[in-house]
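The values are calculated or read from the model by the stated rules, or taken from the named source; none is laboratory data. None of the values given here were measured: they were computed from a predicted structure. We place every Cβ from the backbone using ideal geometry, glycine too, and count neighbours over all the protein chains shown. These area figures cover heavy atoms from the full protein model, side chains too; ligands, DNA and RNA do not enter into them. Shrake-Rupley method; radii C 1.70, N 1.55, O 1.52, S 1.80 Å.
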Amino acid sequence: MPKPNPRTTPRSAAAHPAHPGQPRLVAPSTWALLAGAWLVAGLFIAFGSTWLAAPLTTGVAAGAFGLLFATILAASFGVVHEADHLAQQLGEPYGTLVLTLSIVSIEVILIASVLLGPGDSSAIGRDSIFAVMMIIMNLVIGICLVAGSARHGDQEYNAQGATAYLGMIVLLTGTALVLPNHLGGAGAFSTPQALGMAALTACLYAAFLWLQMRSHRRYFIQPAAGSMAVPAAAQRTRGGETAAMPGPAGRRAMAVRSAVLLALVLPIVLLAHYLAIVTDYGIAAAGAPAAVGGVLIAIIVFTPESITAVRAAMGNEMQRAINLCLGAFVSTVGLTVPAVLLIGVATGQRMAMGLSGTEVVLLVLTVALAVLSFNGQRTSPIQGLMHLTLFAVFGLVLFLP
């Protein structure tokens, strides 16, 4: 009997074979991660109120923080693992969108938990968005540019997609984080302004996603060598880039992985409230800047996706790395700003959105440097070193203001 040709074997059949002896769709390690995450969630639901009741001691807070941080971070890695499999099945840019939206949804959940918890946390949304910007657009992009160049030299990408992302970043960050300082509300939107900004931001982001998935999908696909864009005619013929998992095996694989992804997100939702309690205690006890809370959320949420982006750059997939980095920040602002503003209106809080003067300078430098880094056809490690230097400056002024 002739052996099947792997080049002609359908992808769904190759990835999800029917006969026994083939790898399981869900690995035993994933089941173990699910069991561990739900066990910790169950323990905190049952005993968390007692463990974290006031007066909270340093030892209890440190132990609870370590367990919660490790569990949420591990679950986030699991979410990225499942979303990455879906990304491979769906193709670009759909796959990256699944991965990015999964991660940003976790961030919104964590921020909402802090906002709805005890204490004054009206600035957590602003601090988280700004921290994500500095981490993703300076630290992660810097590592991607340097590491990718070290392995493959200067790398090509789709300039149209990078420009579209950067345009969204300029507009969304300017209106959400800089404009409030000039509206007479001490860096906060009034209730009518908050409702209007939430609606405008959500509508613009929804329109951007629609165009990214439909008519302008070609902006976010790796172009042919020597080209800075994908022609419109080529989009209709590049079947390998479209979302296609024909047959019951492919549909079953997507359904199972989607269910596992949701099952890993739910423990994060349940544990977010308890993490907010111990984080607030730790920041107050250490006398650390309040913005550290936003940095912590950004680290928890975006560490798995950041590793994925660096791996993409080192695998000579610079367009995917750009989709993950710039797309993650666009999604962060597009989803977090409406959520924070609507929570503020619902709870009667005026959310502090305007950045300080120092942060505005860092924002402008970050955006300007990103525009210069992605205004050509190829990446440069020199630009990567500049991004890393700017991130170091952010760390310096955060802890030594």
Select from the chain the helices, each a whole stretch of DSSP H, whose alpha-carbon atoms run 18 Å or more along the helix axis and whose Kyte-Doolittle mean is at least 1.0; answer none if there are none.
-> 28-51, 58-90, 94-115, 159-173, 191-213, 247-286, 292-314, 318-347, 357-373, 381-399
Mean residue ellipticity (222 nm) of the chain, computed from DSSP H runs ≥ 4 via -39,500 (n - 2.57), nearest 500 | -24000 deg cm²/dmol
What percent does the relative contact order of the chain come to when contacts are Cα pairs within less than 8 Å and at least six residues apart?
-> 37
Would you mind finding the longest exposed-site-free stretch of the chain, with exposed trypsin sites (Lys or Arg not before Pro) meaning DSSP loop and at most 15 other Cβ atoms within 10 Å?
-> 25-213
Which of Phe391, Val269, Ala32, positive extreme of dipole for the chain (C-beta unit charges) | Ala32
Could you give the size of the charge dipole of the chain about its Cα centre, using +1 on the Cβ of each K and R and -1 on the Cβ of each D and E, expressed in debye and rounded to the nearest 20?
-> 1280
Carbon and sulfur atoms: what percent of the 1.4 Å accessible area of region 278-364 do they account for?
-> 65
